[in-house]
1. Please work out the average accessible area per residue across the chain, using the 1.4 Å probe convention, and give it in Å².
2. Taking only C-alpha pairs under 8 Å that are 6+ residues apart, what is the relative contact order of segment 224-359 in percent?
3. Rg and Dmax of the chain over Cα atoms: what are they, in angstrom?
4. Whole-Hz ³J(HN,Hα) for each residue in segment 179-191, computed from phi via Karplus 6.51 cos²θ - 1.76 cosθ + 1.60 with θ = phi - 60°, x for glycine and proline: what do you get?
5. Percent of accessible area on the chain owned by carbon and sulfur, 1.4 Å probe?
6. Could you rank the peptides 64-74, 131-141 by their average count of other C-beta atoms within 10 Å per residue, with the highest value first?
7. Mind listing the long-range amide H neighbours of residue 212? Cut-off is under 5 Å, sequence gap 5 or more, other chains count too, H placed in the peptide plane at 1.01 Å from N.
8. Which value at 222 nm does the chain reach when only helices count, each DSSP H run of 4 or more adding -39,500 (n - 2.57), with the total divided by all residues and rounded to the nearest 500 deg cm²/dmol?
Amino acid sequence: MALLYERICAHVLEQLRRGALRPGDRVPSEMELAAQFAVSRITSKRALEVLREAGLVERVRGKGTFVVRRLPDLTDLTVPLRSTPRREARSIALIVPDMSEAYGLDLLNAIEERCAEYGAHLVVRRTHGRQTDEEKAVDSLVATVDGLIVFPVHGDFYNASLLRQVLDGFPVVVVDRHLSGIPVAAVHTDNVAAARALTTRLLERGHEHVAFVSPPPVNTSSIEDRLEGFRAAFADQKHGQPYELTDLRSTLPGSTTTESVRADMDTIRAFRDQRPEVTAYFACEYNLARMVDRALGGDRVVACFDSPGDSIGGPPYLHVRQNQAEMGRRAVDLLLAQLRGEPVPNLSLVPFELIDAQT
């Protein structure tokens, strides 16, 4: 029995023989073929790749797939068509808000090393946390690279340019978070489980009143998931009181100014004065944990995600250690698998560890 993608190849080959498709004609898109043959877009994409490798069609980025101008002799061609192994990606772009020792540099190093293993060229573009810059980066890079690895910016709305590329079938992998409801491969920590474990550790150590501290979580899945895990821990333990302070903005990329930091620290102190019973603060990331610690004068327990501590001259905290290296390696592997036409999961979770503060 012919494989599904071979049925599509046989159909296109027959159209070429009958003259229904002629040199230079546009071939139906992945989406159109998937609908016509009731198959997945992965299958239709594989069919178009086999036709390309057999020298029958050419794929023009941003325009579609077309019959080659000079067709080979079709007389002896049969399905399955002969194809040559496809090269790995020559160029991959990594789009990130920013990088630091606190979070991001290990991810970048792992992606760079994995690309080197495959002989792929890596292009890095920083967006400084601005969605407009992220959109410009996506639009400019898709014409010059084979695939994108994207660390999305924090925001209330998804990047329209990125969504368009995903829906058009351009190879994309999202790291650190996922895009809810969007069919794109994502690699990140199980933030719900990690936040749940960290909060449970605080509760087990006698902190009945714990506050979760973060920027606004809307449409930033990593924060949304950490908040969900925080709440779930209290539901599991059936004791204690959760509090939430989720309107701080000064640690967002591109938002750190003297005025914004001062305003957030005033907000944290006001929260403490209103909730003196809170003995532990769970900050969603390290830089925010340092701000909370400074604002409160070190008289409350602080926990967070990712605490490099002394390596960058800052204090260590009880924290979740994310496996950035595995995240980066897996992102490259998934992107190259997409380029080979292989199916990849929409969600790939990497392990985490709970690390106690070193005093």
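1. Details: 16670 Å² over 359 residues.
Per residue, the chain has 46 Å² of solvent-accessible surface.
2. Numbers: 132 pairs, mean separation 20.5, N = 136.
The value is 15 percent.
3. Rg and Dmax of the chain, Cα atoms, are 24.7, 84 Å.
4. Along segment 179-191, the couplings run 9, 4, x, 10, x, 10, 5, 10, 10, 6, 5, 6, 5 Hz.
5. Details: 8160 of 16670 Å².
The value for the chain is 49 percent carbon and sulfur by accessible area.
6. Values: 64-74: 13.1, 131-141: 18.1.
Listed from highest to lowest mean packing, they are 131-141, 64-74.
7. 243, 244, 245, 282
8. Details: 11 runs with 143 residues, N = 359.
Dividing the helical sum by the residues of the chain leaves -12500 deg cm²/dmol.
The values are calculated or read from the model by the stated rules, or taken from the named source; none is laboratory data. Worth saying up front: this structure is predicted, and the values here are computed from it rather than measured. For neighbour counting, all protein chains shown are included, and Cβ atoms are generated from backbone atoms with ideal geometry for every residue, glycine included. Accessible surface areas use protein heavy atoms only, side chains included; no ligands, DNA or RNA. Shrake-Rupley method; radii C 1.70, N 1.55, O 1.52, S 1.80 Å.
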